[in-house]
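Let me begin by presenting the structure, written as structure tokens, before commenting on it.
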């Protein structure tokens, strides 16, 4: 089984290193100093929970053509980075290749095999010009919700902070052979990879926090513990989440917890700087469209007013434009 991780940053690097440690036939696509360091010295993985620090030899390339066709291509890029590189990924894709979408936010394939009147609806906010729908094809896709926290602390060095679950799911909810095979490969690498019949429910529980906590943190520079307990920002987050819940429930999603428990879970993470705030500080484009704009688009599709989401989206979009990041 040939597995390629396309976008071997923090999460992709962590997954790739774990697969390589387990002896899987895995390759990584990366670029810049991170690529050069991995080529020269391997990928160093520091795991805080276990206290291990190991350098793993990995096959890594910048040009996907060097790696050839794969059984699985696991995409771990930021959402806005995927459409522009669909063409560069084509050498990895053969007749039987599965594209594993491990990207934050509402996935581009969301309405594939969902059934009902919205079947096949395309989302311009996450797949402008239908780049992925056309370039990959929705039948290739296997969904993935990513839970680990990791960071690249210097080129070629990934620090894994906590979490090891990558939930998998077919768009139609079936327990397919391709999902089971990948689940087994990830489990052999010490990762949790359950195959979920209702992955969209998990997508929304994670998105619930991301669509609110991330842009509020970018606007205020507050860490999670602060923005979830300050009465004002907690109220804004709660309003955004309740709007999102109405949208999701119209789409058939069932939430296993209520909004206040979800906010308390965010507060319990502590003084964490969200990914959007980290990107702003580092001068990198933020995942505004995938995390917030997509929910606004779904609001329009389902006829749901989103005044709180609209307001925060307008503010964080302008913040990003002023910083030259959007």
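The values are calculated or read from the model by the stated rules, or taken from the named source; none is laboratory data. Computed from a predicted model, the values in this text were never measured in an experiment. Neighbour counts run over all protein chains shown; Cβ positions are idealised from the backbone, glycine included.
What to note about this one:
- Qualifying residue in the range 13-26 (condition: crowded, with 24+ Cβ neighbours inside 10 Å and free of Cβ contacts under 8 Å to residues at least 40 places away in the same chain): yes
- Filter pass, residue 276 being closer than 23 Å to residue 225 by Cβ, surrounded by 14 or more Cβ atoms within 10 Å (Cβ to Cβ) and free of Cβ contacts under 8 Å to residues at least 40 places away in the same chain: no
- When 246, 292 are checked against the criterion of being touching a residue at least 12 places away in the same chain (Cβ under 8 Å) and under 14 Å from residue 217 (Cα atoms), a single residue qualifies: 292.
- Residue in the range 116-123 that is outside the structural domain of residue 209 (by TED's automatic domain parsing), in a helix (DSSP H, G or I) and surrounded by fewer than 20 Cβ atoms within 10 Å (Cβ to Cβ) present: no
- A single member of 31, 41 is surrounded by fewer than 19 Cβ atoms within 10 Å (Cβ to Cβ), in the same structural domain as residue 164 (by TED's automatic domain parsing) and either under 17 Å from the mean Cα position of the chain (by Cα) or at pLDDT below 95 (or both), and it is 31.
- Test result for residue 316, crowded, with 22+ Cβ neighbours inside 10 Å and at pLDDT 95 or above: yes
- Residues in the range 152-178 that are in a strand (DSSP E or B) and buried (at least 17 other Cβ atoms within 10 Å of the Cβ): 152, 157, 158, 159, 160, 166, 167, 168, 169.
- Evaluation of residue 184 against the conditions (1) touching a residue at least 12 places away in the same chain (Cβ under 8 Å); (2) under 15 Å from residue 100 (Cα atoms) shows that the sole unmet condition is (1).
- Scanning the range 130-141 for any residue that is touching a residue at least 60 places away in the same chain (Cβ under 8 Å) and under 15 Å from the mean Cα position of the chain (by Cα) turns up nothing.
- Of all residues in the range 30-46, those that are without any contact (Cβ under 8 Å) to a residue 40 or more places away in the chain and touching a helix residue (DSSP H, G or I) at 6+ places or on another chain (Cβ under 7 Å) total 1.
- When the test is whether a residue is at pLDDT below 95, more than 30 Å from residue 173 (Cα to Cα) and surrounded by fewer than 17 Cβ atoms within 10 Å (Cβ to Cβ), residue 269 passes it.
- Flag if residue 57 is surrounded by fewer than 16 Cβ atoms within 10 Å (Cβ to Cβ), closer than 23 Å to residue 210 by Cβ and at pLDDT 95 or above: no
- Residue 229 passes every criterion in (1) surrounded by fewer than 16 Cβ atoms within 10 Å (Cβ to Cβ); (2) more than 15 Å from residue 210 (Cβ to Cβ); (3) within 21 Å of the chain's Cα centre (by Cα) apart from (3).
- Annotation: residue 277 fulfils all but one of (1) assigned to a helix (DSSP H, G or I); (2) within 16 Å of residue 202 (Cβ to Cβ); the unmet one is (2).
- When residue 222 is tested against (1) without any contact (Cβ under 8 Å) to a residue 12 or more places away in the chain; (2) within 26 Å of residue 113 (Cβ to Cβ); (3) surrounded by 15 or more Cβ atoms within 10 Å (Cβ to Cβ), just one condition goes unmet, and that condition is (2).
- Among the candidates 290, 237, 244, residue that is part of a helix (DSSP H, G or I) and either more than 22 Å from the chain's Cα centre (by Cα) or closer than 23 Å to residue 150 by Cβ (or both): 290
- Scanning the range 65-81 for residues that are free of Cβ contacts under 8 Å to residues at least 24 places away in the same chain and within 21 Å of the chain's Cα centre (by Cα) yields nothing.
- Among the residues of the range 47-58, not a single one is touching a residue at least 24 places away in the same chain (Cβ under 8 Å) and in a helix (DSSP H, G or I).
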